[in-house]
Amino acid sequence: MDFKTLQAPKDGLCAISADALLLVLAASAVPAALEAALAGVVNVAVEAGDLRLESGRALYLHRVQGVKAPRLVVAVCADGAPPAAWRKALAAGLAQIKEGGARHVAVALIGAECDAAHAEALVALAHEATYVYRRTKPSAPAASRLERLSLVCEKAQARALEAGLARGRAIAAGVALARELANRPANHCTPTHLAAEARLLARRHARLAVQVLERRDVEKLGMGAFLAVAQASHQAPKFIVLRWQGAAKTKAPVVLVGKGITFDTGGISLKPAPEMDEMKFDMGGAASVLGTFAAVAELGLAINLVGLVPACENMPGGGAVKPGDVVRSLSGQTIEILNTDAEGRLVLCDALTYAERFKPAAVIDIATLTGACVIALGHHRSGLFSSDEALASSLLAAGERGGDLAWRLPLDEAYDEALKSNFADMGNVGGRPGGAITAAKFLQRFASRYGWAHLDIAGTAWKSGKEKGATGRPVPLLTHFLIERAG
Ligand code: BES
Ligand code: MN
Ligand code: ZN
């Protein structure tokens, strides 16, 4: 899809030629500055009770006299058009148009100043509304005929808005890649496939390099926890290392670690059958790391970034790891695997130790880690855990800017108790109470040598039910965090 700014004077909306004009009214009253033809029709609609001036309402009007665009949609947004309200109004407005015949939509914000953040959100929303999964369903119909979106502005704003659109395009491409990879079924999206996709991405960007460690490599390194998860699968495990060099070699990198379980059966601690298919999304963390690299490379960010993806399947079988087995992690700490379904933390802990060799400025792991996090926060916010105050607040702020929210949860010492084992340095589970927190406490034992944050995206990485599919989260949060660090 094509996104551009369209320069037009404030009183030139009626003359815009597009298939549809989407007016977003950021006001509790119809602004006096609105052209007569538009003000007239909006006032009539409000008086007739067909359009309520409440945030998120929208009305479709066809062939309005005096308006060149044959379709007019009026969407209502809260005063001042704060980001969340702008998104809600746009979503409501686009929903009215996207199934119709319009190819080119012009969008204008009325009653508030349009800035780069508005432009970025427009791109994100339009992509979200039009993405269709086709890889194993080539017959899937297009979601919309939309091809072109123009953001109406005055000449002085154009440059800032173009920058916002460019950022939106990069993030949308990253989100699309993350969604696409996570949506692919586990018989297609294997660890080998993820490694091939990482290589494909690296081929498109000169400053991006990829290295893939094979089973024998991680054996030699001593990643006993990662290998224990992988040991019953017929799919070869892959430990994928991505490196983006956008700054001087001496600059300490940020490391992103993504859980890459391409299918989680639970192993010997087998999961129940209902909804088990959704465990193909258990590589959502890995997908978000690849998506974030795509966005960072597209934007050419002046940072150094390392991506680590321990990828494997968690399967039962004659060679599977068993409850009570004790393994030695790369850190040297031993782990009693009390529940083979708590596999995410096992692959992540070895990656967190591996991260030390990059002398990182910060390490962030991203994982569909616990059902308990879904119970705690539902599907709206990702769980954020961090031992580093500054890192935690920049991640929370980045989530706000990207419309990709997180919520901080605690890491109190007292929760650590639950991980005690009589047969190893720790067990891999801490019981049902505070399950998202004890999982984070487990990871923290491997992340003491740098500033660390953990994002539990079990509730946000995909949707269930009729709209089943990956969301691409938290690519917007991570990309905004990295944009800010690049300065
Ligand atoms: N991949 C799951 C977490 C998950 C469950 C994500 C449901 C989304 C929806 C993870 O590997 C897992 O199985 N976690 C267990 C941990 C438990 C055994 C301590 C869980 O949450 O039940
Ligand atoms: Mn599991
Ligand atoms: Zn899992």
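The values are calculated or read from the model by the stated rules, or taken from the named source; none is laboratory data. As the structure is a computational prediction, the values presented were derived from the model and not from experiment. In this analysis, Cβ positions are derived from the backbone assuming ideal geometry, glycine residues included, and neighbour counts consider all displayed protein chains. Heavy atoms of the whole protein, side chains included, go into the accessibility calculation; ligands, DNA and RNA do not. Shrake-Rupley method; radii C 1.70, N 1.55, O 1.52, S 1.80 Å.
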Item to check | Cross-chain or 6+ apart pairs with Cβ under 8 Å, region 338-359 first and open to solvent by 20 Å² or more (accessible area, probe 1.4 Å), then within 16 Å of ligand 3 (Cβ to nearest atom) and among the charged types (D, E, K, R) | outcome: 341/264; 341/271
Checklist entry - What tally of residues in region 412-454 results from selecting those that are in contact with a Gly (Cβ under 7 Å, 6 or more places away or on another chain) and hydrophobic (A, V, I, L, M, F, W, C)? => result 3
Checklist outcome for this item: Subset of region 254-269, residues out of contact with any Leu (no Cβ under 6 Å at 6 or more places or on another chain) and more than 13 Å from ligand 3 (Cβ to nearest atom), comes to 255, 256, 268
Checklist outcome for this item: Expected output for region 275-294 (first residue over 30 Å from residue 486 (Cβ atoms), partner away from ligand 3 (no atom under 14 Å from the Cβ) and open to solvent by less than 10 Å² (accessible area, probe 1.4 Å), Cβ below 9 Å, 6+ apart or cross-chain) is 280/189
Checklist entry - So, in region 183-192, of the ones that are in a helix (DSSP H, G or I) and surrounded by 19 or more Cβ atoms within 10 Å (Cβ to Cβ), which residue ends up nearest to the chain's Cα centre (by Cα)? => result 183
Checklist entry - Within region 1-88, which strands (runs of 3 or more DSSP E) (wholly inside it) include 2 or more residues that are without any contact (Cβ under 8 Å) to a residue 60 or more places away in the chain and touching a helix residue (DSSP H, G or I) at 6+ places or on another chain (Cβ under 7 Å)? => result 58-62, 71-76
Checklist entry - Taking strands (runs of 3 or more DSSP E) that fall entirely within region 326-390, which contain at least 2 residues that are within 16 Å of ligand 2 (Cβ to nearest atom)? => result 334-337, 362-367
Item to check | Residue within region 281-291 that is over 21 Å from residue 212 (Cα atoms), within 16 Å of ligand 1 (Cβ to nearest atom) and touching a Phe, Trp or Tyr at 6+ places or on another chain (Cβ under 9 Å) present | outcome: yes
Checklist entry - Between residues in region 245-270 that are of a type in the set (Phe, Trp, Tyr) and residues that are within 16 Å of ligand 3 (Cβ to nearest atom) and part of a strand (DSSP E or B), which pairs lie under 9 Å by C-beta distance while being six or more apart or on different chains? => result 263/313; 263/314
Checklist entry - Which of (1) of a type in the set (S, T, N, Q); (2) part of a loop (DSSP other than H, G, I, E, B); (3) open to solvent by less than 20 Å² (accessible area, probe 1.4 Å) is the odd one out, the single condition residue 479 does not satisfy? => result (2)
Checklist entry - Taking region 214-253 on its own, how many of its residues are among the β-branched types (Val, Ile, Thr) and surrounded by fewer than 24 Cβ atoms within 10 Å (Cβ to Cβ)? => result 3
Item to check | Filter result for residue 319 (buried (at least 24 other Cβ atoms within 10 Å of the Cβ) and either of a type in the set (A, V, I, L, M) or more than 14 Å from ligand 3 (Cβ to nearest atom) (or both)) | outcome: no
Checklist outcome for this item: Taking region 113-168 and keeping residues over 21 Å from the mean Cα position of the chain (by Cα), assigned to a helix (DSSP H, G or I) and closer than 14 Å to residue 86 by Cβ leaves 161
Checklist entry - Regarding residue 196, is this residue hydrophobic (A, V, I, L, M, F, W, C), open to solvent by 20 Å² or more (accessible area, probe 1.4 Å), assigned to a helix (DSSP H, G or I) and not assigned by TED's automatic domain parsing to the domain that holds residue 133? => result yes
Checklist entry - Is it true that residue 289 is within 25 Å of residue 223 (Cα to Cα), more than 15 Å from ligand 2 (Cβ to nearest atom), assigned to a strand (DSSP E or B) and out of contact with any Ser or Thr (no Cβ under 7 Å at 6 or more places or on another chain)? => result no
Checklist outcome for this item: residue 402 meets each of (1) out of contact with any Gly (no Cβ under 9 Å at 6 or more places or on another chain); (2) open to solvent by 20 Å² or more (accessible area, probe 1.4 Å) with one exception, condition (2)
Next on the checklist: Whether any residue in region 239-246 is within 16 Å of ligand 1 (Cβ to nearest atom), touching a Pro at 6+ places or on another chain (Cβ under 6 Å) and modelled with pLDDT of 95 or more is what I want to check.
Outcome noted: no
Checklist entry - Has region 247-266 got any residue that is within 21 Å of the chain's Cα centre (by Cα), more than 16 Å from ligand 2 (Cβ to nearest atom) and hydroxyl-bearing (Ser, Thr, Tyr)? => result no
Checklist entry - residue 435 fails exactly one of the following numbered conditions: (1) buried (at least 18 other Cβ atoms within 10 Å of the Cβ); (2) touching a residue at least 24 places away in the same chain (Cβ under 8 Å); (3) away from ligand 2 (no atom under 16 Å from the Cβ); (4) more than 22 Å from the chain's Cα centre (by Cα). What is the number of that condition? => result (3)
